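See structure below.
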Amino acid sequence: MDLDISQMEKNIADLWLKLDLYSFRKQSGDSLFSIDTPPPTVSGSMHMGHAFSYPHQDFVARYKRMRGFRVLYPWGFDDNGLPTERYVEKVTGIRGGKDNVGEFIEKCQEVSSRIEADLMAGWRALGLSADFYDSYRTIDSEVMSISQNRFLDLYESGMAYRKEAPSYRCPTCRTAISQIELKNKEKETDFVDIRFPGEESKDIVISTTRPELLFACVAIAVNPSDERYAGLSGKSFRVPLTDRFVKVIQEDIVEKEKGTGAEMVCTFGDQNDLEIWRKNGLQLRVILGEDGLFNESAGFLKGMTVNAGRRRMIEELRNSGFILGTKKITHTVNVHERCDTPVEIMISRQWFVKCLDLKDDLIKRGREITWKPDFMRIRYENWVNGLKWDWCISRQRFYGIPFPVWYCKDCGSIITAERQRLPIDPRLPGNAPACSECGGKNVVPDTDVMDTWATSSLSPDIAMKHYGLPDEAYPFSCRFQGHDIISTWAFTTILRAHLNHSRIPWREIAVSGNVTDPEGKKLSKSKGNGISPGEIIAKYGADAVRYWSASVSPWEDIGISDQELVRGRRLTVKIYNVSRLLQMLSGDVPVKPGYSSSQPFDQWILSALRNTWSEVTSAMDEYNFYRARLALDTFFWGGFCDNYLEILKGEVRYGGSRESLNVAYSVFLGIIKMYAPLIPFITEEVYQSLPIEDKKASIHLEPWPDFSGLDTEDHGFNVTLEAISKIRSFKSSMKLPLSAEIPELTVSGDAAVLRRDSEMLSRLFRIRKIIVEEATDGVAVRSG
C-alpha cells in the first residue's frame with residue numbers, strides 16, 4: 001500500500017490530540033525545561049519564515065521530553081497593539097479613530113479570533129508540540145493584569161515616567177513610536193542647495209534633503225574645522241521666505257564633505273537636529289501636527305502632507321531665487337517598520353521606561369545569558385550601545401492594554417489604579433477614582449495604550465502566572481527567536497527582567513535566521529511576499545518542511561529549496577518502506593529487540609549506531625539540528641539501508657538467525673527515536689505499526705535512546721564494506737545486474753576478515769566461488 005502522507009499526518013495529529021500528549025499540566029519529569037515561546041502576532045497568516053524557525057523550538061521541546069524533562073512549551077497569541085490594528089484596518093477598511101473606538105475594538109476582537117483559529121490549525125499541521133489548548137492571548141484580562149501590575153512596579157520605582165519630550169512619530173499610524181520600531185530604508189530624494197541672505201556678511205548656502213522644514217529652522221550649523229566658514233560663528237542669516245534671522249553655530253557632528261558643509265538645524269529633521277537643539281538650548285518651532293499635516297506655523301504649507309509640502313516649498317524657493325541647485329541622491333532614512341513611512345521627531349507627552357542610564361547593566365545581563373550562536377550577543381551589545389532614547393511605551397491607538405492611570409485637572413497629579421482593581425480600563429465610564437492628593441473628582445483618564453512590546457516583553461511572567469509556577473521557575477531555560485528581533489523582543493525582555501526581577505529572563509537564547517525570497521529579502525506578512533506553508537505541506541508533507549528547516553544551521557538565513565523538500569518527502573517514504581520491509585522479513589513472530597549477536601555485520605551496525613547516537617546527541621544538546629540531521633541521514637541511508645538491510649535480506653533468505661532480525665529492529669527503533677524530534681509524524685506512524693513488545697502509547701513518550709554501552713569497534717567489517725562497494729562497481733562495469741550470478745571472483749585485502757565474511761558476500765552477490773588473497777594496499781576484486 002502506498003503512503004498517503006497527508007492522511008497519515010492528519011491521523012497522527014488526531015492521535016496526539018486524543019492522547020493529550022503535550023498538556024503541560026499532565027506532564028511529569030525530573031526537572032523543568034521552560035521555553036519562552038514567541039507569541040505570534042495576529043496580523044495575517046503563517047508564512048515559510050514561521051515554518052523555518054518555529055520547528056527549531058519544537059525540535060528541542062520533543063528532545064528534552066525524551067531526555068526526561070518536564071517541558072513547559074506555552075503558547076499564546078500577541079493579539080493587541082499596532083500590528084493587529086493595522087491588519088484589521090487593511091482587511092476591513094475600517095480605520096480606528098477617537099469617534100469609533102468601541103466599534104473598532106469589536107472588529108479587532110472579531111478578526112483576531114478568526115485569525116487565531118486559522119493560525120492554530122497551521123501550527124498544529126506543522127507538528128508543533130506546544131500546549132495549544134491551554135493558550136493565552138495578550139489582550140486577555142489575565143495578561144492585562146500582569147502588564148498593568150508590572151507597569152505600576154516600574155512607575156513606583158521611578159523607572160517609568162511621563163514627560164513632554166521629543167519622540168518619534170509615524171504620520172501614517174498616527175502615534176508615537178520608539179527607537180526599537182525603526183528601520184533604515186534607502187530612498188531617492190532631492191538634495192537642495194538653498195541661499196540664506198547674510199545680515200552682516202555675504203550669503204551662506206546650506207544643503208538639505210528636508211526643504212519643507214525651512215519654517216522650523218532655528219540655526220545654521222557648520223563644522224568648526226571647516227575653513228570655508230571661519231569667522232561666521234554667531235553671524236545672523238535670514239531664513240528665506242521669512243523675516244526671521246538665525247545664527248551660525250559650530251558643531252563637530254556636521255559633515256564637511258556633505259553638500260556645502262553647512263546645514264540648517266530644524267525642529268526636527270533628524271537625530272542630529274535633536275542633539276544640536278538640546279545641546280545649544282535652541283528655540284522650538286513646531287510646524288507639523290500630530291496628524292502628520294503642516295499646521296498654521298508653516299504658513300502657506302498649512303494642511304499639506306510632508307511630501308506635498310516639500311514640492312510646494314521647492315517651487316516657492318525656486319520662484320524667489322533662493323535655490324542654487326538640486327540633485328537626486330539616494331540616502332538612508334528612518335522609517336516605521338510597520339508601514340515603511342518616514343518618521344518625524346515631535347515634542348509630545350509620552351510614557352517612557354528608563355534604559356539610557358542602564359547600558360552597562362544591560363550588557364552585563366546579556367553576558368550572563370548563553371547565546372546560541374555566541375556572535376549574536378554582539379548584535380545585542382551593539383544595539384544597547386547605540387541607544388539614544390529611553391523606551392517610549394505609549395501609543396495613541398485603541399486596541400491595546402490601557403495605562404491604569406488618570407490625571408487630576410485640579411492639581412495635576414497622576415492617579416494610579418489600586419492593585420486589587422486590576423485589570424482596569426480607565427477609559428470606561430465609572431472607573432475613575434478621586435484624586436489621592438487633593439481629593440477632587442475632576443479627573444480624566446489616560447487614553448493611550450501600551451506598546452505591544454511592553455506586554456510581549458513579559459512573556460516569561462505571563463507563562464509563569466498562567467501555569468501557577470513558583471518564583472524559582474524564573475529565569476526560563478531558553479528563548480527561541482529570530483535575529484531580526486534582537487533589538488525588540490530580546491532587548492525589551494532583558495530590560496524588563498532586569499527592572500522587574502533584577503535577573504536575566506532565560507539562561508539561553510537560541511537565535512534563528514530568516515527565510516528569504518529569490519531576491520534575498522526576508523519573507524514577511526507585511527511585505528506580502530510570504531509563501532503559505534499550507535501549500536508546501538500539502539505537496540511535500542509537514543515532515544518534509546521540518547526536514548528542510550534543519551538543512552542549515554539555525555542562525556543562518558535560508559531560501560526555500562525544492563531539493564531539500566523532495567529529500568524530506570523521500571526520507572518519509574523510505575522510513576515507511578523500511579518498516580514494511582522489516583515486518584515482511586520478521587513475519588508474524590513478535591520481535592524482541594536486542595543487541596546480542598555473533599554476526600560481524602550485526603556487530604558492525606551496532607557500533608555504527610553507537611557512534612551516530614553520540615554525534616546526534618551532542619548536536620541536539622548544542623541545538624545544531626543540521627549536524628544532527630546530517631549524522632542521521634548518513635547512517636540511515638548509507639549504513640543501514642544501502643548495506644545492512646541488503647545483507648540482512650540475503651541472510652534471511654538463506655535462513656539466517658533470528659537474533660539478526662532482533663538487532664535490525666533495535667537499530668531501526670533507535671533510528672526513528674532519534675529522528676522523532678525532527679520528523680515526528682512518520683516516526684510515530686511506523687512506531688505504531690512495529691510488532692515489538694512493551695511499546696508506549698506514542699514514540700514521543702519514549703526516552704531518548706542510550707547506546708553508550710554498545711561496542712564502538714567495527715570488528716574489521718569496514719574491510720567487508722569496501723569489498724561490497726568494489727563488487728558492486730565490478731558488476732556495474734560488467735553491465736551485470738546486482739542479481740546476476742558470478743561463477744568465480746577473486747577478492748584481495750585483509751584475508752582473515754574476507755574469509756570470515758566470504759559466505760555472506762557469496763549470498764549477497766550470488767557468487768558461486770570466492771577466492772580470497774592477502775593484500776595490504778586495500779581491497780580489490782577481479783574475475784576468476
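The values are calculated or read from the model by the stated rules, or taken from the named source; none is laboratory data. All figures in this text were calculated on a predicted structure; none of them were measured in a lab. Neighbour counts are summed over all protein chains in view; Cβ atoms, including those assigned to glycine, are modelled from backbone coordinates with ideal geometry. Only protein heavy atoms, including side chains, enter the accessible area calculation; ligands, DNA and RNA are left aside. Shrake-Rupley method; radii C 1.70, N 1.55, O 1.52, S 1.80 Å.
Tabulate in residue order the Karplus-calculated ³J(HN,Hα) for region 75-89, using 6.51 cos²θ - 1.76 cosθ + 1.60 with θ = phi - 60°, rounded to whole Hz; enter x for Gly and Pro.
Once θ is set to phi - 60°, the couplings for region 75-89 become 9, x, 10, 8, 10, 10, x, 4, x, 5, 4, 4, 5, 4, 4 Hz.
Quick one: how many Å² of T492 are accessible to a 1.4 Å probe, rounded to 10?
Number for this one is 0 Å².
Lys and Arg at +1, Asp and Glu at -1: add these up for the other residues within a Cβ distance under 15 Å of H700 and post the number.
+3
Using every alpha carbon pair in region 563-698, what percent of pairs falls into each 5 Å bin from 0 up to the bin containing the largest distance?
Result, from short to long distances: 2, 10, 21, 24, 22, 14, 6, 2, 0 percent.
Per the Kirkwood definition applied to all pairs of different Cα atoms, how many angstroms is the hydrodynamic radius of region 68-165?
So the Kirkwood estimate lands at 16.1 Å.
To the nearest whole percent, what portion of all C-alpha pairs in region 413-542 is separated by more than 26 angstrom?
When every Cα pair of region 413-542 is considered, 51 percent fall beyond 26 Å.
Over 24 Å between C-alpha atoms is what I'm after, so list which of K726/K769; K235/K258; K649/K769; K185/K327; K256/K328; K163/K235 land there.
Table pairs above 24 Å Cα-Cα are K163/K235.
For region 1-150, evaluate the Debye formula with one uniform point scatterer on each Cα (no solvent term) and list log10 I(q)/I(0) at q = 0.12, 0.18, 0.20 Å⁻¹, rounded to two decimals.
-0.61, -1.14, -1.28
Tell me the angle of helix 680-689 to the major Cα principal axis of the chain, expressed in degrees between 0 and 90 and rounded to the nearest ten.
That helix lies at roughly 30 degrees to the long axis.
Looking at the chain only, what percent of DSSP beta bridges run antiparallel? Nearest 5 please.
Antiparallel bridges: around 65 percent, rounded to the nearest 5.
Leaving out ligands, DNA and RNA, and with a 1.4 Å probe, what % of the accessible surface on region 118-187 is carbon or sulfur?
For region 118-187, the apolar C and S fraction of the accessible surface comes to 46 percent.
I need the shape label for region 309-408. Rule: rounded when a/c is under 1.5, else prolate if a/b > b/c, else oblate, with a, b, c from the alpha carbon gyration tensor.
Cα axes put region 309-408 in the oblate bin.
Does region 278-348 come out rounded, prolate or oblate, given a ≥ b ≥ c as the square roots of the eigenvalues of its C-alpha gyration tensor, rounded meaning a/c under 1.5 and, failing that, prolate meaning a/b above b/c?
The shape class here is rounded.
For G400, what residues show an amide H to amide H distance below 5 Å, using hydrogens built from the backbone and excluding near sequence neighbours?
Amide H neighbours of G400, under 5 Å, 5+ apart: G81.
Taking the chain as the reference, fit the longest principal axis to its C-alpha atoms, fit the long axis of helix 271-280 to the helix C-alpha atoms, and give the angle between the two in degrees, 0 to 90, nearest 10.
40 degrees
How fast does region 353-502 diffuse by Stokes-Einstein, in µm²/s, taking the Kirkwood radius from C-alpha pairs at 37 °C and 0.692 mPa s?
Calculated translational D: 186 µm²/s.
Expressed as an acute angle from 0 to 90° and rounded to the nearest 10, what is the orientation of the C-alpha long axis of helix 562-586 relative to the principal long axis of the chain?
30 degrees
If amide H atoms are built 1.01 Å from N in the plane of the peptide, which residues on other chains or at least 5 residues away come under 5 Å of the amide H of S236?
Amide H neighbours of S236, under 5 Å, 5+ apart: E199, E200.
Specify whether the C-alpha gyration tensor of region 248-322 places it in the rounded, prolate or oblate class, a ≥ b ≥ c being the square roots of the eigenvalues: rounded for a/c under 1.5, otherwise prolate if a/b is larger than b/c and oblate if not.
Since a/c reaches 1.5 but b/c is at least a/b, the shape of region 248-322 is classed as oblate.
Given I727, N662, I682, which one lies farthest toward the positive end of the charge dipole of region 639-784, if we put +1 on the Cβ of every Lys and Arg and -1 on the Cβ of every Asp and Glu?
So the residue furthest toward the plus end is I727.
How big is the Rg/Rh ratio for region 439-514, C-alpha atoms only, Rh by Kirkwood, two decimals?
In region 439-514, Rg relative to Rh is 1.12.
What do you get when you divide the Cα radius of gyration of region 606-657 by 2.2 N^0.38 Å, with N the number of residues?
1.40
Please report the Cα spread of region 231-385 along all three principal axes, rounded to whole Å, starting with the longest.
Principal extents (Cα only, largest first): 62, 40, 33 Å.
By residue number, which cysteines of the chain lack any other Cys whose Cβ falls under 4.7 Å from their Cβ?
So, C108, C217, C266, C339, C355, C392, C478, C641.
Using a simple charge model, +1 on the beta-carbon of Lys and Arg, -1 on the beta-carbon of Asp and Glu, nothing else, what dipole does region 483-638 show about its Cα centre, in debye to the nearest 20?
In total the dipole reaches around 300 debye.
Please work out the Kirkwood hydrodynamic radius for region 5-74, using every pair of different C-alpha atoms, and report it in angstroms with one decimal place.
When all Cα pairs of region 5-74 are included, the Kirkwood radius is 13.8 Å.
Over all distinct Cα pairs, what is the inverse of the mean 1/r for region 72-120, reported as the Kirkwood hydrodynamic radius in Å?
Mean inverse Cα-Cα distance, inverted, gives 11.5 Å.
As an exercise, find the ratio Rg/Rh for region 630-704 from alpha-carbon atoms, using the Kirkwood inverse-distance average for Rh.
Radius of gyration relative to Kirkwood radius: 0.99.
Heads up, I need the accessible area for I531: 1.4 angstrom probe, whole protein in place, Å², nearest 10.
Estimated to the nearest 10 Å², I531 gives 70 Å².
Could you list which residues have their amide H under 5 Å from that of I531, counting only those 5 or more apart in sequence or on another chain, with H placed in the peptide plane?
M48, G49
Please report the antiparallel percentage of the DSSP beta bridges confined to region 638-784, to the nearest 5.
35 percent
Could you provide, to the nearest whole Å², the per residue accessible area of region 24-99 with probe 1.4 Å?
Dividing the accessible area of region 24-99 by its residue count gives 33 Å².
So for D714, D30, what's the accessible-area order with a 1.4 Å probe, most first?
D30, D714
Bin width 5 Å, origin at 0, all Cα-Cα pairs of region 642-784: what percent of pairs per bin?
Values per bin, smallest distances first: 2, 8, 16, 17, 15, 12, 11, 9, 7, 3, 0, 0.
What's the carbon and sulfur percent of region 266-308's accessible surface, probe 1.4 angstrom, rounded to a whole number?
In region 266-308, the share of accessible area belonging to carbon and sulfur is 48 percent.
Give me the orientation-averaged projected area of the Cα convex hull of region 544-595, in nm², one decimal.
In nm², the orientation-averaged hull projection of region 544-595 is 5.4.
Whole number in Å², please: accessible area per residue of region 569-713, 1.4 Å probe, ligands, DNA and RNA not counted.
37 Å²
How high is the relative contact order of region 632-765? Use alpha-carbon pairs under 8 Å, at least six apart in sequence, and give a whole percent.
27 percent
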